[in-house]
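Reading through the structure tokens given below for one structure.
Since every read-out is calculated from the coordinates, none of them should be taken as a lab result. Since this is a predicted model, take the numbers as computed values, not measurements. Note that we place each Cβ from the backbone using ideal geometry, even for glycine, and neighbour counts take in every protein chain shown.
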Ligand SMILES: Cc1cc2nc3c(=O)[nH]c(=O)nc-3n(C[C@H](O)[C@H](O)[C@H](O)COP(=O)(O)OP(=O)(O)OC[C@H]3O[C@@H](n4cnc5c(N)ncnc54)[C@H](O)[C@@H]3O)c2cc1C
């Protein structure tokens, strides 16, 4: 059967915040745009559809104080100082090895920081309102603002702008590979419609905004390892992200960026049917594994800055699960809706031994663990709203804050596993969102934004993924349209 052929200026793959920002911006800059998404119209929007979309900014005009420093502190392992010596020069004059290196390019981060305010102003111009979030986490080190209506509002507003101004959207159409002309320029996308029907779409530029590979069991196992089986998707939206966008670009010689062996982790109630069912109450009790043992400092600092590293320790336990053990005193905690985002109730019992029975962990070990912890608690002022310094004495591992004895029935527990919000491994771009090849040169006609644009290593710079998608999606659409004008 003859493949279907249609020609556009810009094809965008994916209708999350990155893809929609790219499509609307390309259209505003004069391009004839086609957006493809593997999901149906009712489910398209990937992770963006399900996120609250916290943004690491003090206001629509200012990013957080630590914005660029946090990226710099998580720039990509032990970087070779000899190679880094050239980073201070203009990026176009960098040697090819440095341009293509898998690390956080400070120019990209500087662009993210400087383009965030104008991008939010642009979104406001498309009907999205932002407001500051007073209590984003039980305790927070950095500010957050949010769009009214969360990520869904971004998806709905931008889709409306795109379609009302004549943009084409093909749902239930999955991009599979890139088409190239005989000079190596990207010239379109080979896609697949329902019923394994092939659809070739011609274009002068392609923006890959199809998310990470958290929806692809084979890629998760290959890059993160067999224990990825224990990860729980943060939302059903992420399951549509099967990594083809990243793979199709790597297949034509794109350079990788972002930590392929890692992902954004969040503490999640595995019983929940909700997107984003995070459990942030654990700093007020102890965490025990299947053996009934503590394994981590549950209260190392503000929740927003420490939940990811604590969750990674939970993932490392037997079967990737732990329980937050609490007691009756937790009923008095403020901000319950923020501390427990699961709709599932705590598992309760009148004694620790009964609780252990319900959890399937050895009762004697749980009693001994909690007994040792209680004995290490000292008198002091407990303050759940801030880092209170109420630490255990002589306990290993220590608990650095909010250490008060667990001695008041009913005893309670929440199971916690690591959710996978999105994968870190993606494509190397410059600050115009152009995908670079392994020689550090832009691949003509190819752009990447959102999760598909790799930028994270180590600890995720919290509340920057939606922002990064919007900023570089908008830049990609604009540059793609201008480059072909
Ligand atoms: C519950 C939850 C809470 C979160 N909280 C925050 C937060 O507070 N702040 C923050 O910054 N981030 C947060 N995140 C992460 C953030 O939402 C995402 O990383 C971000 O929205 C990703 O945007 P994206 O456009 O790159 O990808 P997505 O929004 O995932 O969109 C990708 C789109 O590509 C489509 N697609 C995939 N493969 C193909 C293909 N081959 N062909 C065609 N289409 C394809 C998918 O169907 C999907 O529509 C959260 C995520 C979740 C789930």
Practice task
State the extension gain, in nm to one decimal, for the chain segment bounded by residue 358 and residue 274, taking 0.36 nm per residue of separation less the distance between their alpha-carbons.
Solution key: 27.9 nm
Handout entry: All-pairs Cα distance distribution in the range 338-485, expressed in whole percent, bin size 5 Å
Key = 2, 8, 11, 11, 12, 10, 8, 7, 7, 8, 7, 6, 3, 1, 0
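Is the range 152-238 rounded, prolate or oblate when judged by the Cα gyration tensor, a ≥ b ≥ c being the square roots of its eigenvalues, rounded requiring a/c under 1.5 and prolate requiring a/b larger than b/c?
Since a/c reaches 1.5 but b/c is at least a/b, the shape of the range 152-238 is classed as oblate.
Above 17 Å lies some portion of the pair distances; for the range 379-431, what is it as a whole percent of all C-alpha pairs?
65
Report, in deg cm²/dmol and to the nearest 500, the calculated mean residue ellipticity at 222 nm for the chain, where each DSSP H run with n ≥ 4 adds -39500 (n - 2.57) and the sum is divided by the residue count.
-8500 deg cm²/dmol
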Practice task
Report the extension gain between residue 185 and residue 82 in nm, rounded to one decimal, defined as 0.36 nm multiplied by the number of residues separating them, less their alpha carbon distance.
Solution key: 33.8 nm
Problem - Alpha-carbon gyration tensor eigenvalues x 5, square-rooted, for the range 265-419, Å - result: 20, 18, 15
Handout entry: Listed peptides 438-446, 223-231 by packing density, highest first (mean Cβ within 10 Å)
Key = 438-446, 223-231
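Ranked highest first by average number of other Cβ atoms within 10 Å, how do 370-381, 52-63 line up?
With the highest mean Cβ count within 10 Å placed first, the list reads 52-63, 370-381.
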Completion exercise
The relative contact order of the chain, taking Cα pairs under 8 Å that sit 6 or more residues apart, comes to a percentage of 26
Completion exercise
Full extension between residue 73 and residue 59 adds, at 0.36 nm per residue less the Cα distance, a length in nm of 2.7 nm
Handout entry: Alpha carbon centroid spacing (whole Å) that separates the range 46-95 from the range 222-277
Key = 20
Handout entry: Order of 343, 302 - criterion: other Cβ atoms within 10 Å of each residue's Cβ, fewest first
Key = 343, 302
Handout entry: Helix 150-164 vs. the chain, principal-axis angle (Cα, 0 to 90°, nearest 10)
Key = 10
Exercise for the section: Note the direction-averaged projected area, equal to a quarter of the hull surface, for the Cα convex hull of the chain, in nm². Expected result: 23.3
